[in-house]
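The values are calculated or read from the model by the stated rules, or taken from the named source; none is laboratory data. No experiment lies behind these values; they were computed from the predicted model shown. All Cβ positions, even for glycine, are placed from backbone atoms using ideal geometry, and neighbour counts span all protein chains on display.
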Amino acid sequence: MQISTIARARHIFLLLLCFSFSFLLSCAGKGQQQIAQQPQPSPQSQQPTAPRVLRVCADPNNLPFSNSKGEGFENRIAELIAREMHANLEYTWWAQRRGFIRNTLKAGACDVVIEVPASFEMALTTSPYYRSTYVFVYRKDRRLDLHSFDDPILRRLKIGVQMIGDDFSNAPPAHALSNRHIVDNVEGFTVYGNYAEQNPPARIIDAVAKGEIDVAIVWGPLAGYFAKREKIPLEIVPVSPQIDQPFLPFVYDISMGVRRGDTAFKDELEGIIERKRPEIESILAEYGVPQIKG
């Protein structure tokens, strides 16, 4: 694979992470914007100064990251931040597809995206608050002992990867396998799934549990959350190498993103991240997010 191809794949994957996953895209479909506001106080109880509002851009159907019921770890982290700011929490809901940032953050409909890659170019990013990785997911009863893209057993297994478009838009695992001429035994699963259903990205984890594929290679937060909810015990193993040569990373730093130029808000968020890092890490652990120490 030429370096230009890998660079294009990496750029697209950074979009995928923003449109969380995180980690983790060539985009299709439409999102419908809905703004959910906290109830306003009655005129009698209103203060001379309006209460502060934390306006968050989020997807209403994208667990484990966020949903409209507030069940995702991004929701939990947003609640923590709002408490620290003594602010009301308000969401702008938009399906994380093409135009998500343009129609939410850049349009001024909301002020922060809770999860973007640290190197994301479409926003001003905070210091990272976690680092995660792609992982292998397989049934424990298979005892595959799989750790690396270079393990010979991969050539004999049915492998599931998430696909995001044509060859230049595939997520990093597809490129790593292609670099090793592992193609014929690979099955693609759309990263978006059927958005009319709950938790559309979970389909690839279900396929592992049901034995439809032998192993899935997916972004860690997605795997960690849904694997715990399967009846069949699943093994989750960080992929190796962390960077496939010449430069195709599988480990990513995750930050919060605000509008470019909103430096004061970014600095405030960084202060909260630093003060509340143990609580944030505890939330991530509760959701099964693989956390890689820097």
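Every condition in (1) assigned by TED's automatic domain parsing to the domain that holds ASP206; (2) over 22 Å from the mean Cα position of the chain (by Cα) holds for TYR138 except the one numbered (2). Are any of the residues in the stretch 182-197 touching a Pro at 6+ places or on another chain (Cβ under 7 Å) and aliphatic (A, V, I, L, M)? Yes, the conditions are met somewhere in the stretch 182-197. Please find, within the stretch 79-111, the residue that is nearest to PHE265 (Cα to Cα) out of those that are under 15 Å from the mean Cα position of the chain (by Cα) and not in a loop (DSSP other than H, G, I, E, B). Among residues in the stretch 79-111 that are under 15 Å from the mean Cα position of the chain (by Cα) and not in a loop (DSSP other than H, G, I, E, B), the one nearest to PHE265 (Cα to Cα) is ILE101.
Restricting to the stretch 112-124, count the residues that are outside any loop (DSSP other than H, G, I, E, B) and surrounded by fewer than 23 Cβ atoms within 10 Å (Cβ to Cβ). Counting residues in the stretch 112-124 that are outside any loop (DSSP other than H, G, I, E, B) and surrounded by fewer than 23 Cβ atoms within 10 Å (Cβ to Cβ) gives 1. Given the criteria surrounded by 15 or more Cβ atoms within 10 Å (Cβ to Cβ) and modelled with pLDDT of 50 or more, does PRO60 qualify? Spelling it out, PRO60 is indeed surrounded by 15 or more Cβ atoms within 10 Å (Cβ to Cβ) and modelled with pLDDT of 50 or more. The residues of the stretch 152-177 that are surrounded by fewer than 16 Cβ atoms within 10 Å (Cβ to Cβ), in a helix (DSSP H, G or I) and at pLDDT 95 or above, listed by number, are PRO152, ILE153, ARG155, ARG156.
Quick check on ALA107: is it under 19 Å from VAL289 (Cβ atoms), among the hydrophobic types (A, V, I, L, M, F, W, C) and surrounded by fewer than 21 Cβ atoms within 10 Å (Cβ to Cβ)? Taking the combined requirement at face value, the residue does not satisfy it.
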